[in-house]
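Step one of this worksheet: look at the structure below.
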Amino acid sequence: MLIPKPEKTFRMLFQNIRGLPIAPHSHKHQQICTAIKDTEADIFGMAELNLNFKMLGPTSQWTERFQRLQRNHSVHSYNKHDSSQKRTLFGGTAQIATGILSHRAIQSGADRTGMGRWVWTLFAGKNGVKIRVVSGYRPNPDDTDRTGSVYSQQERRLRILKDNRDPRRAFVKDLEVQLDSWITEGNLLLIGIDANDNIRTGDVNAMIRSRGLTDVHAAQHPHLPTECTCNKNTQGIPVDGIWASPSLECTAAGYFGFGEIIIGKTDHRMIWADFSYESALGFQPPEPAYTAPQRLTLQDPRVVKKYNKILNDEHQRL
(Lines give C-alpha, C1' and ligand atoms only; values in the text may rest on other atoms or scores of the structure.)
Protein backbone atom coordinates (compact mmCIF):
# COMPACT_ATOMS: atom_id res chain seq x y z
CA MET A 1 0.00 0.00 0.00
CA LEU A 2 1.32 3.43 -0.93
CA ILE A 3 0.81 6.40 1.34
CA PRO A 4 0.57 9.96 -0.06
CA LYS A 5 4.08 11.39 -0.35
CA PRO A 6 4.74 13.80 2.52
CA GLU A 7 6.30 17.17 1.90
CA LYS A 8 10.09 17.47 1.93
CA THR A 9 10.60 13.85 0.85
CA PHE A 10 11.53 12.07 -2.34
CA ARG A 11 10.27 8.67 -3.39
CA MET A 12 12.14 5.82 -5.06
CA LEU A 13 10.36 3.03 -6.94
CA PHE A 14 11.97 -0.15 -8.20
CA GLN A 15 10.53 -2.96 -10.31
CA ASN A 16 11.47 -5.75 -12.68
CA ILE A 17 9.26 -4.70 -15.61
CA ARG A 18 9.79 -7.89 -17.67
CA GLY A 19 10.67 -6.03 -20.82
CA LEU A 20 9.72 -3.05 -22.93
CA PRO A 21 7.99 -3.44 -26.31
CA ILE A 22 10.08 -2.81 -29.42
CA ALA A 23 7.71 -0.03 -30.51
CA PRO A 24 8.74 3.15 -28.64
CA HIS A 25 5.21 4.55 -28.41
CA SER A 26 3.50 1.37 -27.19
CA HIS A 27 1.01 1.43 -24.35
CA LYS A 28 3.52 0.08 -21.79
CA HIS A 29 5.62 3.24 -22.08
CA GLN A 30 2.51 5.30 -21.40
CA GLN A 31 1.72 3.08 -18.40
CA ILE A 32 5.18 3.71 -16.95
CA CYS A 33 4.74 7.48 -17.35
CA THR A 34 1.32 7.24 -15.69
CA ALA A 35 2.72 5.13 -12.84
CA ILE A 36 5.49 7.66 -12.17
CA LYS A 37 2.91 10.45 -12.03
CA ASP A 38 0.29 8.59 -9.97
CA THR A 39 2.78 7.32 -7.39
CA GLU A 40 4.54 10.73 -7.16
CA ALA A 41 7.83 8.95 -7.83
CA ASP A 42 11.00 11.00 -8.04
CA ILE A 43 13.14 8.12 -9.28
CA PHE A 44 12.06 4.85 -10.88
CA GLY A 45 14.58 2.01 -11.21
CA MET A 46 13.87 -0.75 -13.74
CA ALA A 47 15.29 -4.22 -14.32
CA GLU A 48 14.98 -6.34 -17.47
CA LEU A 49 14.49 -3.94 -20.37
CA ASN A 50 14.88 -6.93 -22.73
CA LEU A 51 15.83 -4.78 -25.73
CA ASN A 52 18.88 -5.02 -27.99
CA PHE A 53 19.34 -1.31 -28.68
CA LYS A 54 22.15 -1.75 -31.20
CA MET A 55 19.70 -3.63 -33.43
CA LEU A 56 16.97 -0.97 -33.16
CA GLY A 57 16.59 2.01 -35.48
CA PRO A 58 17.08 5.66 -34.47
CA THR A 59 13.36 6.13 -33.74
CA SER A 60 13.34 3.19 -31.31
CA GLN A 61 16.23 4.27 -29.09
CA TRP A 62 15.87 5.06 -25.40
CA THR A 63 15.47 8.82 -25.85
CA GLU A 64 12.32 8.27 -27.93
CA ARG A 65 10.50 6.22 -25.31
CA PHE A 66 9.50 8.56 -22.47
CA GLN A 67 8.97 11.94 -24.11
CA ARG A 68 5.64 12.32 -22.31
CA LEU A 69 7.51 13.02 -19.07
CA GLN A 70 7.73 16.79 -18.67
CA ARG A 71 11.16 16.84 -17.10
CA ASN A 72 13.43 13.85 -16.52
CA HIS A 73 17.00 12.63 -16.38
CA SER A 74 17.39 9.01 -17.39
CA VAL A 75 20.05 6.39 -18.02
CA HIS A 76 19.85 2.86 -19.43
CA SER A 77 22.15 -0.07 -20.16
CA TYR A 78 22.10 -3.44 -21.90
CA ASN A 79 24.63 -6.12 -22.83
CA LYS A 80 26.52 -4.37 -25.63
CA HIS A 81 28.84 -7.34 -26.16
CA ASP A 82 26.25 -9.94 -27.12
CA SER A 83 26.33 -11.02 -30.76
CA SER A 84 22.57 -11.55 -31.06
CA GLN A 85 21.01 -10.02 -34.19
CA LYS A 86 17.54 -10.03 -32.66
CA ARG A 87 15.83 -6.85 -31.49
CA THR A 88 15.02 -8.40 -28.12
CA LEU A 89 17.79 -9.26 -25.68
CA PHE A 90 17.09 -10.38 -22.12
CA GLY A 91 18.46 -8.23 -19.32
CA GLY A 92 19.36 -4.57 -19.06
CA THR A 93 18.63 -1.89 -16.47
CA ALA A 94 17.47 1.73 -16.40
CA GLN A 95 16.30 4.49 -14.10
CA ILE A 96 14.39 7.72 -14.60
CA ALA A 97 14.59 10.73 -12.28
CA THR A 98 11.84 13.35 -12.51
CA GLY A 99 10.78 16.63 -10.93
CA ILE A 100 12.96 18.34 -8.35
CA LEU A 101 15.45 15.47 -8.19
CA SER A 102 16.12 15.57 -11.94
CA HIS A 103 17.44 19.13 -11.58
CA ARG A 104 20.10 17.88 -9.16
CA ALA A 105 21.51 15.18 -11.48
CA ILE A 106 25.12 15.91 -12.44
CA GLN A 107 26.32 12.59 -13.86
CA SER A 108 25.07 9.13 -14.81
CA GLY A 109 26.59 5.89 -16.02
CA ALA A 110 26.44 2.12 -16.17
CA ASP A 111 28.27 -1.09 -15.36
CA ARG A 112 31.76 -0.61 -16.82
CA THR A 113 31.90 -4.15 -18.22
CA GLY A 114 29.19 -3.25 -20.75
CA MET A 115 27.01 -6.19 -19.64
CA GLY A 116 24.17 -3.92 -18.47
CA ARG A 117 24.10 -5.24 -14.90
CA TRP A 118 23.42 -1.87 -13.26
CA VAL A 119 23.04 1.86 -13.90
CA TRP A 120 23.61 4.84 -11.61
CA THR A 121 22.83 8.55 -11.34
CA LEU A 122 24.74 11.01 -9.17
CA PHE A 123 22.82 13.89 -7.57
CA ALA A 124 24.46 16.92 -5.96
CA GLY A 125 23.21 18.71 -2.88
CA LYS A 126 24.76 21.47 -0.75
CA ASN A 127 28.07 21.56 1.09
CA GLY A 128 29.55 18.76 -1.00
CA VAL A 129 26.74 16.28 -0.30
CA LYS A 130 26.26 13.79 -3.15
CA ILE A 131 23.94 10.82 -3.40
CA ARG A 132 24.36 8.06 -5.97
CA VAL A 133 21.27 6.06 -6.86
CA VAL A 134 21.84 2.59 -8.36
CA SER A 135 19.45 0.14 -10.07
CA GLY A 136 20.66 -3.39 -10.78
CA TYR A 137 19.71 -6.84 -12.03
CA ARG A 138 21.46 -10.05 -11.04
CA PRO A 139 20.78 -13.00 -13.38
CA ASN A 140 18.88 -16.10 -12.40
CA PRO A 141 20.91 -19.31 -12.13
CA ASP A 142 20.67 -21.13 -15.46
CA ASP A 143 20.69 -24.92 -15.28
CA THR A 144 19.38 -25.37 -18.83
CA ASP A 145 22.18 -23.44 -20.58
CA ARG A 146 19.70 -21.43 -22.65
CA THR A 147 21.64 -19.46 -25.25
CA GLY A 148 19.75 -16.19 -24.81
CA SER A 149 19.38 -16.08 -21.03
CA VAL A 150 21.01 -13.24 -19.11
CA TYR A 151 23.14 -15.79 -17.24
CA SER A 152 24.47 -17.36 -20.46
CA GLN A 153 25.11 -13.93 -22.03
CA GLN A 154 27.26 -12.88 -19.08
CA GLU A 155 28.94 -16.27 -18.85
CA ARG A 156 30.05 -16.05 -22.50
CA ARG A 157 31.42 -12.56 -21.97
CA LEU A 158 33.33 -13.59 -18.85
CA ARG A 159 34.86 -16.58 -20.64
CA ILE A 160 36.00 -14.30 -23.51
CA LEU A 161 37.76 -12.22 -20.83
CA LYS A 162 39.34 -15.42 -19.38
CA ASP A 163 37.25 -14.94 -16.26
CA ASN A 164 36.00 -18.25 -14.86
CA ARG A 165 33.68 -16.80 -12.21
CA ASP A 166 30.03 -17.71 -12.04
CA PRO A 167 28.04 -14.69 -13.40
CA ARG A 168 26.01 -14.43 -10.20
CA ARG A 169 29.16 -14.38 -8.09
CA ALA A 170 30.80 -11.93 -10.51
CA PHE A 171 27.83 -9.56 -10.07
CA VAL A 172 28.31 -9.52 -6.29
CA LYS A 173 32.09 -9.10 -6.34
CA ASP A 174 32.15 -6.48 -9.12
CA LEU A 175 29.41 -4.44 -7.46
CA GLU A 176 31.31 -4.72 -4.18
CA VAL A 177 34.39 -3.16 -5.78
CA GLN A 178 32.24 -0.42 -7.30
CA LEU A 179 30.49 0.36 -3.99
CA ASP A 180 33.84 0.60 -2.19
CA SER A 181 35.01 3.13 -4.79
CA TRP A 182 31.87 5.24 -4.40
CA ILE A 183 32.02 5.10 -0.62
CA THR A 184 35.66 6.23 -0.78
CA GLU A 185 34.48 9.21 -2.86
CA GLY A 186 32.14 10.11 0.00
CA ASN A 187 28.90 9.36 -1.83
CA LEU A 188 25.68 8.48 -0.06
CA LEU A 189 24.19 5.36 -1.67
CA LEU A 190 20.65 4.29 -2.51
CA ILE A 191 20.39 0.94 -4.29
CA GLY A 192 17.51 -1.02 -5.82
CA ILE A 193 18.25 -4.56 -7.05
CA ASP A 194 16.43 -7.60 -8.38
CA ALA A 195 18.82 -10.11 -6.80
CA ASN A 196 17.03 -13.31 -7.89
CA ASP A 197 17.81 -14.54 -4.40
CA ASN A 198 16.53 -14.08 -0.86
CA ILE A 199 17.42 -10.46 -0.14
CA ARG A 200 17.20 -10.99 3.62
CA THR A 201 19.63 -13.91 3.83
CA GLY A 202 21.42 -14.07 0.46
CA ASP A 203 24.92 -12.98 -0.55
CA VAL A 204 23.77 -9.75 -2.23
CA ASN A 205 22.28 -8.56 1.06
CA ALA A 206 25.32 -9.77 3.02
CA MET A 207 27.71 -7.86 0.76
CA ILE A 208 25.68 -4.63 0.79
CA ARG A 209 25.07 -4.80 4.55
CA SER A 210 28.80 -5.33 5.10
CA ARG A 211 29.28 -1.90 3.50
CA GLY A 212 27.12 -0.36 6.21
CA LEU A 213 23.92 0.02 4.16
CA THR A 214 20.46 -0.81 5.50
CA ASP A 215 17.69 -2.91 3.97
CA VAL A 216 15.00 -0.25 4.27
CA HIS A 217 12.01 -2.61 4.19
CA ALA A 218 13.44 -4.84 6.91
CA ALA A 219 14.28 -1.76 8.99
CA GLN A 220 10.84 -0.17 8.56
CA HIS A 221 8.88 -3.37 9.28
CA PRO A 222 11.03 -5.54 11.56
CA HIS A 223 8.09 -7.43 13.07
CA LEU A 224 6.31 -8.32 9.82
CA PRO A 225 6.85 -11.64 8.04
CA THR A 226 8.60 -11.48 4.67
CA GLU A 227 6.51 -11.31 1.50
CA CYS A 228 7.46 -12.55 -1.96
CA THR A 229 8.18 -9.88 -4.57
CA CYS A 230 7.92 -12.30 -7.53
CA ASN A 231 4.73 -14.34 -7.86
CA LYS A 232 6.64 -17.44 -8.98
CA ASN A 233 7.75 -17.76 -5.37
CA THR A 234 5.28 -19.41 -2.97
CA GLN A 235 7.38 -19.26 0.20
CA GLY A 236 7.20 -15.54 1.00
CA ILE A 237 10.80 -14.88 -0.12
CA PRO A 238 11.55 -11.34 -1.36
CA VAL A 239 14.02 -11.15 -4.27
CA ASP A 240 13.81 -7.36 -4.87
CA GLY A 241 15.13 -4.86 -2.36
CA ILE A 242 16.18 -1.29 -1.64
CA TRP A 243 19.23 -0.48 0.49
CA ALA A 244 20.34 2.94 1.74
CA SER A 245 23.27 4.57 3.52
CA PRO A 246 22.59 4.77 7.27
CA SER A 247 22.52 8.58 7.26
CA LEU A 248 19.65 8.62 4.75
CA GLU A 249 16.44 9.11 6.70
CA CYS A 250 13.90 6.60 5.38
CA THR A 251 10.46 7.80 6.47
CA ALA A 252 8.39 4.97 4.94
CA ALA A 253 8.75 1.91 2.72
CA GLY A 254 6.54 -0.80 1.31
CA TYR A 255 5.39 -3.04 -1.53
CA PHE A 256 2.56 -2.73 -4.00
CA GLY A 257 0.34 -5.70 -4.60
CA PHE A 258 0.87 -7.76 -7.74
CA GLY A 259 -0.75 -5.85 -10.60
CA GLU A 260 -1.83 -2.98 -8.34
CA ILE A 261 0.09 -0.59 -10.57
CA ILE A 262 -0.37 -1.79 -14.14
CA ILE A 263 2.84 -1.80 -16.17
CA GLY A 264 2.23 -4.36 -18.86
CA LYS A 265 2.96 -7.99 -18.13
CA THR A 266 5.25 -8.42 -15.15
CA ASP A 267 5.37 -10.98 -12.34
CA HIS A 268 7.19 -8.69 -9.89
CA ARG A 269 5.81 -6.27 -7.34
CA MET A 270 6.70 -2.62 -7.51
CA ILE A 271 8.54 -1.68 -4.31
CA TRP A 272 9.01 1.83 -2.92
CA ALA A 273 10.71 3.88 -0.21
CA ASP A 274 10.56 7.55 0.92
CA PHE A 275 13.54 9.58 2.13
CA SER A 276 13.93 13.11 3.46
CA TYR A 277 15.56 15.60 1.10
CA GLU A 278 17.44 17.07 4.05
CA SER A 279 19.32 13.82 4.68
CA ALA A 280 19.95 13.14 0.98
CA LEU A 281 20.94 16.58 -0.33
CA GLY A 282 21.70 18.56 2.80
CA PHE A 283 18.82 20.98 2.16
CA GLN A 284 15.24 21.19 0.92
CA PRO A 285 15.41 22.09 -2.79
CA PRO A 286 12.84 24.61 -4.05
CA GLU A 287 10.02 23.52 -6.32
CA PRO A 288 10.98 24.06 -9.98
CA ALA A 289 8.90 26.58 -11.91
CA TYR A 290 7.81 25.62 -15.40
CA THR A 291 6.95 28.44 -17.85
CA ALA A 292 4.69 27.55 -20.75
CA PRO A 293 6.28 28.54 -24.06
CA GLN A 294 4.61 31.20 -26.17
CA ARG A 295 2.74 29.68 -29.10
CA LEU A 296 0.96 31.02 -32.18
CA THR A 297 -2.78 31.54 -31.84
CA LEU A 298 -3.60 29.37 -34.85
CA GLN A 299 -7.35 29.82 -34.41
CA ASP A 300 -7.10 33.51 -35.32
CA PRO A 301 -6.69 33.95 -39.13
CA ARG A 302 -5.30 37.47 -38.65
CA VAL A 303 -2.39 36.07 -36.61
CA VAL A 304 -1.74 33.33 -39.16
CA LYS A 305 -1.77 35.84 -42.04
CA LYS A 306 0.59 38.19 -40.24
CA TYR A 307 3.01 35.38 -39.36
CA ASN A 308 3.06 34.08 -42.94
CA LYS A 309 3.70 37.60 -44.30
CA ILE A 310 6.63 38.13 -41.89
CA LEU A 311 8.02 34.70 -42.73
CA ASN A 312 7.74 35.32 -46.48
CA ASP A 313 9.39 38.73 -46.17
CA GLU A 314 12.29 37.20 -44.25
CA HIS A 315 12.70 34.46 -46.86
CA GLN A 316 12.87 37.10 -49.57
CA ARG A 317 15.33 39.23 -47.58
CA LEU A 318 17.66 36.31 -46.89
Give me the residue from segment 183-198 that is closer than 23 Å to ALA124 by Cβ and in a loop (DSSP other than H, G, I, E, B) and, out of that set, nearest to the chain's Cα centre (by Cα). ASN187
It is to be established whether one or more residues within segment 64-75 are open to solvent by 50 Å² or more (accessible area, probe 1.4 Å), more than 29 Å from PRO4 (Cβ to Cβ), part of a helix (DSSP H, G or I) and not polar (S, T, N, Q). yes
Among the residues of segment 194-211, is there at least one that is open to solvent by 10 Å² or more (accessible area, probe 1.4 Å) and touching a Phe, Trp or Tyr at 6+ places or on another chain (Cβ under 7 Å)? no
Within segment 129-172, can you find the residues that are open to solvent by 70 Å² or more (accessible area, probe 1.4 Å), out of contact with any Leu (no Cβ under 7 Å at 6 or more places or on another chain) and either modelled with pLDDT of 95 or more or not acidic (Asp, Glu) (or both)? ASN140, PRO141, THR144, ARG146, THR147, ARG156, ARG159, ILE160, LEU161, LYS162, ASN164, ARG169
Among the numbered criteria (1) under 30 Å from GLY128 (Cα atoms); (2) among the hydroxyl-bearing types (Ser, Thr, Tyr); (3) open to solvent by less than 40 Å² (accessible area, probe 1.4 Å), which single criterion is violated by SER247? (3)
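The values are calculated or read from the model by the stated rules, or taken from the named source; none is laboratory data. The model shown is predicted, which means the values in this text are computed figures rather than measured ones. Positions of Cβ are backbone-derived with ideal geometry, glycine not excepted, and every protein chain shown enters the neighbour counts. Side chains included, ligands, DNA and RNA excluded: accessible areas come from the protein's heavy atoms. Shrake-Rupley method; radii C 1.70, N 1.55, O 1.52, S 1.80 Å.
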